[in-house]
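Student: Can you keep this structure in mind? I'll have questions shortly.
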Amino acid sequence: MEKIVGLAKRRGFVFPGSDIYGGIGSTYDYGPLGVLLKNNIRTAWWKAMTQERDDVVGLDSAILMSPKVWEASGHLAGFSDPLVDCKNCKKRWRADHLLEAKSAEMAGLREAPVEMKDVRCPACGGELGEERQFNMMMKTFLGPVEEAAAVVYLRPETAQGIFVNFKNAQESARKRVPFGIAQVGKSFRNEITPGNFIFRTREFEQMEMEFFVKPGTDEEWFESWKQFMMDWFTRFGVKADNLRFLEHAKEKLSHYSKRTVDLEYQYPWGWGELWGCANRTDFDLKQHEKHSGQDLSYRDDLTNERYHPYVIEPALGLDRAMLVFMLDAYEEIDGGRSTTTDAVKDIETVLRFHPAIAPIKAAIFPLSKKEPLTGIAHELRNRLARRWSVQYDETGSVGKRYRRQDEIGTPFCITVDFQTVGEEGVPGDDKVTVRDRDTMLQERVAISELESYLAAKLGC
Ligand code: ATP
């Protein structure tokens, strides 16, 4: 994890937020490569959801919503986590997380279930205070007057924007149930214990989809979306061995859920949630109908049946997905794998990103810093840049330039050399050397065919 955090900062994926002021509680800024990586993940999700399927449409609703939304959804009353303070060092902890950790530590050692009174402060061993509920919604004021009537909340999930637009989206897109509405956007939670880099932060981006189905078909649809989640991550290169499902125990389900399953990832600190799938039943639509006085039922125009659809919700964090793509792609090769003479026989780092996810698709190197090699390389860069994110690099040996690109996961490096342009008495072949990040194989490809060659290899 430390290596990922170091690489992320050094190569411009993720910086600590407000860094020059010493940072501010677990916020992060995405750098030049991070923003590309995040865009690619968002696009891959959006395309799989709304473009490849014809039963899901998109939405982009406002972050600030009527406070009545949060009253109806139950967030005002119940979106809280159990908080405990250490009486000694004053650190704050999530009581449920401490209990889980202690239970895991005591597994097999005693029969009686672990209780909060058995738990001490993980930081100093001090005694913990009484457990109390802490609402995680962040508050602000709408308009210039800071008064109670102007209080609004930064949304803690994007889902509610979808529920309140159920009718708008369904009628305008002329969709029949079963169909879904997808949305990507920022959510805010005043987490008690943010941490593990971008795994848990207080401001994060969610990619959520609410799929509306006829009651009675919900369990079947749940299975199908569960499979979609696993397939999406493995399609974009995450190893299946690092993924598993965790079924939530009935007594631990959220107030709206009939069933919840998490797709978990094996993080460096252990298995943890990556993508949650919940059967939210007709809870949200019925609550909004009750609180708004608007009819949110659906009429099937073929059978004339009227009902409140059930909702299957796969909800994924974009930042958390990005962390997983980085962790899973990260590989160190001890002693290096280059065979060129200038290779530093050191640890080499490769990010084996899927081409669709990789922030830079190809890098273009002139073998020397002189014309006509540089001119041709610049021209190639400009041509390829119309289609893909590419980089031009002329500094250092080619071996060093390969390693620089391997470290950020660039699938292909293209070198313009003397054979391309020809030398005294020898005509150029108008070909470049294309080197594959994973196989390290090098191929001579005609410049005129380079674009179609890359398109076929990248698949995007
Ligand atoms: P947890 O149990 O980890 O607090 P949750 O069950 O409350 O998460 P959901 O409400 O199901 O999470 O949110 C859906 C997804 O949003 C999660 O699977 C995760 O990928 C992402 N997510 C939730 N909270 C955060 C956070 N604080 N920072 C980053 N991503 C988050």
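The values are calculated or read from the model by the stated rules, or taken from the named source; none is laboratory data. All figures in this text were calculated on a predicted structure; none of them were measured in a lab. For neighbour counting, all protein chains shown are included, and Cβ atoms are generated from backbone atoms with ideal geometry for every residue, glycine included. Areas reflect the complete protein model, heavy atoms only, side chains present, ligands, DNA and RNA absent. Shrake-Rupley method; radii C 1.70, N 1.55, O 1.52, S 1.80 Å.
Student: Can you tell me which residue is surrounded by the most Cβ atoms within 10 Å (Cβ to Cβ) among those in the stretch 50-68 that are over 26 Å from the mean Cα position of the chain (by Cα) and not charged (D, E, K, R)?
Tutor: By that ranking, first place goes to Pro67.
Student: Kindly list, by first and then second residue, each pair from a residue in the stretch 442-460 that is of a type in the set (Val, Ile, Thr) to a residue that is part of a helix (DSSP H, G or I) and open to solvent by 30 Å² or more (accessible area, probe 1.4 Å), limited to pairs with Cβ atoms under 7 Å and residues at least 6 apart or on different chains.
Tutor: Going by the 7 Å Cβ cut-off, the qualifying pairs are Val445/Tyr453.
Student: From the list Lys117, Lys47, which residue is in a helix (DSSP H, G or I), in contact with a strand residue (DSSP E or B) (Cβ under 9 Å, 6 or more places away or on another chain) and open to solvent by 50 Å² or more (accessible area, probe 1.4 Å)?
Tutor: Going through Lys117, Lys47 in turn, just one is in a helix (DSSP H, G or I), in contact with a strand residue (DSSP E or B) (Cβ under 9 Å, 6 or more places away or on another chain) and open to solvent by 50 Å² or more (accessible area, probe 1.4 Å): Lys117.
Student: So Met49 passes all but one of these: (1) within 17 Å of Phe188 (Cβ to Cβ); (2) in contact (Cβ under 8 Å) with a residue 40 or more places away in the chain. Which condition number does it fail?
Tutor: Condition not satisfied by Met49: (1).
Student: If you don't mind, there's one more thing I want to ask. Out of all the residues in the stretch 147-195, which are without any contact (Cβ under 8 Å) to a residue 40 or more places away in the chain, within 24 Å of Gly216 (Cα to Cα) and either assigned to a loop (DSSP other than H, G, I, E, B) or in contact with a Ser or Thr (Cβ under 6 Å, 6 or more places away or on another chain) (or both)?
Tutor: Passing the criteria: only Arg174.
Student: Next question, about the same structure. Show me the strands (runs of 3 or more DSSP E) entirely contained within the stretch 213-298 in which 3 or more residues are surrounded by 20 or more Cβ atoms within 10 Å (Cβ to Cβ) and within 14 Å of the ligand (Cβ to nearest atom).
Tutor: In the stretch 213-298, 259-267, 270-281 are the strands (runs of 3 or more DSSP E) which contain 3 or more residues that are surrounded by 20 or more Cβ atoms within 10 Å (Cβ to Cβ) and within 14 Å of the ligand (Cβ to nearest atom).
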